[in-house]
Amino acid sequence: MSSKLISRLAPTPSGNLHFGNAFNFLLTYLLVKFHDGILHLRIDDLDGPRVDPKSVEDIFIQLEWLGIEYHYGPSGPDELYSNYSQQLRKDRYFNAIEILKKSGNLFACECSRSKIRNSSTSKIYPGTCRNKNIKFLKDSQAWRVIVPENTFIYYNTFINNRKQIDLKTIVGDFVIRRRDGQPAYQIASLIDDIEMSINLIVRGNDLIPSTGAQIFLAEYLKDSVFSNAHFVHHKLIKNESGNKLSKSFRDHSLKLLRNKNSSPTIVYQQSAKILDLPFEEIQTLQDLIEAFRSEMNRRNLLMKFDYQI
Ligand SMILES: [Zn+2]
């Protein structure tokens, strides 16, 4: 990677964090640390009504317990609400939506959720309203982005391989302004990433479609940093790597783990296990950092970022 690596932790405060979140944070942190990069904490609290102050608090408590330090971002709930909240940044998201609308890339959609479910065997929107020229209104309709046939999006993996996403097939015309008039996740997350000059995104496999949708939007918005960012998509710990972790461990919230174990060693060890690091020797975060560094230097780990993690 030629320029300074810049990444972010982007939890959504809609419930207590669980081990899968911790693994994502630790992996992001380890990669940033290894490359002497910059780490932001960004709490994705756009979804106002669903944001629970207790979940916000939980994020700060668990990050502190894990010992994960970041360079930029709120140091606690008060600072989040007064300076960093996505609620304070909605104008930026709406501006971007307006740019896309003016350039003719959006259409208004009046379909209800059940109508979409019934008209399509997949979960993909079948394009019902795309050619209806429905007048844009501020509420009671969603605004969608037109994704033409044969839209193939390419992204960089961590080691600079290019991977392809068939956006029309796996995402389709996606929502950018929700029926309730709020900006959708795809645009809010992208605008924040662009403004923070994020060039490494570590996220679960379930967000591969979002990677495609966001790069597609970034190209429309003429941003090149995000489109050229590196992506590490890891397995969803909760569902897919069951044989490596006991079920009770996977389903535990970090809060519960913290109450049961005064030290986060178990979280470091389980994360190391997933990364195929020699986990028995790991006691502290520093041990985990060292184990990670040594595997990275031997390039054993590096190749896995493309396929196995
Ligand atoms: Zn529609």
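Please tell me if Ser82 is of a type outside the set (A, V, I, L, M) and within 16 Å of the ligand (Cβ to nearest atom).
no
In this structure, does Tyr154 turn out to be farther than 22 Å from Val171 by Cα, within 20 Å of the chain's Cα centre (by Cα) and open to solvent by 70 Å² or more (accessible area, probe 1.4 Å)?
Considered against the rule, which asks whether it is farther than 22 Å from Val171 by Cα, within 20 Å of the chain's Cα centre (by Cα) and open to solvent by 70 Å² or more (accessible area, probe 1.4 Å), Tyr154 comes out as no.
Taking the range 106-136, which residues are among the β-branched types (Val, Ile, Thr) and near the ligand (Cβ under 9 Å from one of its atoms)?
The answer is Ile116, Thr128, Ile134.
Mind checking whether some residue in the range 58-70 is part of a loop (DSSP other than H, G, I, E, B), surrounded by fewer than 19 Cβ atoms within 10 Å (Cβ to Cβ) and either not basic (Lys, Arg) or not assigned by TED's automatic domain parsing to the domain that holds Val202 (or both)?
Within the range 58-70, one or more residues are part of a loop (DSSP other than H, G, I, E, B), surrounded by fewer than 19 Cβ atoms within 10 Å (Cβ to Cβ) and either not basic (Lys, Arg) or not assigned by TED's automatic domain parsing to the domain that holds Val202 (or both).
Looking at the range 75-89, which of its residues are more than 12 Å from Asp44 (Cα to Cα) and either open to solvent by less than 70 Å² (accessible area, probe 1.4 Å) or under 18 Å from the mean Cα position of the chain (by Cα) (or both)?
Matches in the range 75-89: Gly76, Pro77, Glu79.
Name the residues in the range 107-144 that are touching a residue at least 60 places away in the same chain (Cβ under 8 Å) and under 15 Å from Gln182 (Cα atoms), would you?
Cys109 - this is the single residue of the range 107-144 that is touching a residue at least 60 places away in the same chain (Cβ under 8 Å) and under 15 Å from Gln182 (Cα atoms).
Determine the pairs where a residue that is in contact (Cβ under 8 Å) with a residue 60 or more places away in the chain and of a type in the set (A, V, I, L, M, F, W, C), located within the range 276-290, has a partner that is surrounded by 12 or more Cβ atoms within 10 Å (Cβ to Cβ) and part of a loop (DSSP other than H, G, I, E, B) with Cβ atoms under 7 Å apart, the partner being 6 or more residues away or on another chain.
Hits for this filter: Leu285/Gly67; Leu288/Ile282.
Tell me whether the range 179-189 contains one or more residues that are within 11 Å of the ligand (Cβ to nearest atom) and modelled with pLDDT under 95.
yes
Select, from Phe19, Phe25, Phe34, the only residue that is out of contact with any strand residue (DSSP E or B) (no Cβ under 7 Å at 6 or more places or on another chain) and open to solvent by less than 30 Å² (accessible area, probe 1.4 Å).
Phe19
Looking at the range 116-151 only, could you name the residues that are open to solvent by less than 90 Å² (accessible area, probe 1.4 Å) and not in a loop (DSSP other than H, G, I, E, B)?
Hits for the range 116-151 are Ile116, Ser119, Ala142, Trp143, Arg144, Val145.
The values are calculated or read from the model by the stated rules, or taken from the named source; none is laboratory data. For clarity, every value in this text was computed on a predicted model and none was experimentally measured. Positions of Cβ are generated from backbone atoms using ideal geometry, with glycine treated the same way; all protein chains shown enter the neighbour counts. Ligands, DNA and RNA are excluded from the accessible area calculation, which covers all protein heavy atoms including side chains. Shrake-Rupley method; radii C 1.70, N 1.55, O 1.52, S 1.80 Å.
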